[in-house]
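Enquirer: Quick one: the structure is below, and I'll ask about it shortly.
The values are calculated or read from the model by the stated rules, or taken from the named source; none is laboratory data. Note that this is a predicted model, so its numbers are computed, not measured. These area figures cover heavy atoms from the full protein model, side chains too; ligands, DNA and RNA do not enter into them. Shrake-Rupley method; radii C 1.70, N 1.55, O 1.52, S 1.80 Å.
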Amino acid sequence: MKSEVFIIGLGNPGNAYKNNRHNIGFLFIEEILNKYALKTSKKKKLFCNYSEYCKDDVNYKLFMPNTFMNNSGDSVKAIIDWYKINFEQLFLIVDDIDLEFGKIRFRQKGGSGGHNGLKSIINKIKTKEFKRIRIGIGSPPNLQKEKRSNTISHVLGDFSKKEKLVLNEIFQKIIESIENWDKINNEVIISQLNSLSNSKNNEI
């Protein structure tokens, strides 16, 4: 019997949000779709778009919740319940405004860190013990009086073409790491991702 891995990328559905910084989870899933020439289908009961592929006798199931970011937990809970997922099989991909653009933080458990998508998920599935890969989108200019509105405009702003080129390289490394999970020492994979430096960051 083939093993299964579940990869959920968070974002907001619709063309208006397609290239937003907040949609880095969707962009990651789309990179996998492009890499393996995959198409998605809608799973209405799971509130998401779905695809899958097989590599090295592992089935990788891909999900893009269409509940909008702040209600991501509705879709994630439905996915977990439907497939009866063991949390060891699950990888969640999200943006992180507190990380420098292109930096990665892989954690096997933890709080939301203020991320509304993670807040929704933790609230719905009643646990913080699931793997999440945070990808840095950088912080907005520090305009204290307009901090909230400035943060919103930053996360809902689009990546530049140069930033997307950097992201594509980062995505490939994360894909490789997930596909090597349990094939080599997992702590080594986590350490490599967390220490990954964005050598092109100074060029952007």
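Enquirer: Counting only DSSP beta bridges with both residues in the range 44-155, what percent are antiparallel, rounded to the nearest 5?
Expert: Antiparallel: roughly 65 percent of the beta bridges in the range 44-155.
Enquirer: Which residue, GLY14, GLY138, GLY117, tops the fluctuation ranking in a GNM of the chain built on C-alpha contacts under 10 Å?
Expert: Highest fluctuation of the listed residues: GLY14.
Enquirer: I want the antiparallel fraction of DSSP beta bridges within the chain, as a percent rounded to 5.
Expert: Around 50 percent antiparallel, to the nearest 5.
Enquirer: Which entry in (1) 8, 28, 29, 19, 12, 4, 0; (2) 8, 33, 35, 20, 4, 0; (3) 8, 37, 39, 14, 2, 0 is this structure's computed P(r) over Cα pairs in 10 Å bins from 0, in percent?
Expert: Computed from these coordinates, P(r) over Cα pairs in 10 Å bins from 0, in percent corresponds to label (3).
Enquirer: Rounded, prolate or oblate, given the Cα gyration tensor of the range 1-106, with a/c below 1.5 counting as rounded?
Expert: rounded
Enquirer: Here's a follow-up. Could you give the length gained on full extension between THR127 and LYS2, defined as 0.36 nm per residue of separation minus the Cα-Cα distance, in nm?
Expert: Full extension of this stretch gives 42.3 nm more.
Enquirer: Please work out the average accessible area per residue across the chain, using the 1.4 Å probe convention, and give it in Å².
Expert: 53 Å²
Enquirer: Considering only protein heavy atoms and a probe of 1.4 Å, how much of the accessible area of the chain is carbon and sulfur, as a whole percent?
Expert: On the chain, the fraction of accessible area on carbon and sulfur atoms equals 48 percent.
Enquirer: On to the next question. Could you tell me the relative contact order of the chain? Use alpha-carbon pairs under 8 Å, at least six residues apart, and round to a whole percent.
Expert: Result for the chain is 23 percent.
Enquirer: Can you list residues from other chains, or at least 5 along the same chain, whose modelled amide H is less than 5 Å from the amide H of LYS103?
Expert: GLY136
Enquirer: Using θ = phi - 60° and the Karplus relation 6.51 cos²θ - 1.76 cosθ + 1.60, list the HN-Hα couplings for the range 110-121 in order, rounded to whole Hz, with x at every Gly or Pro.
Expert: x, x, 7, x, x, 7, 5, x, 5, 4, 4, 5
Enquirer: Classify the range 75-175 as rounded, prolate or oblate from the Cα gyration tensor: take a ≥ b ≥ c as the square roots of its eigenvalues, call it rounded if a/c is under 1.5, otherwise prolate when a/b beats b/c and oblate if not.
Expert: The shape class here is oblate.
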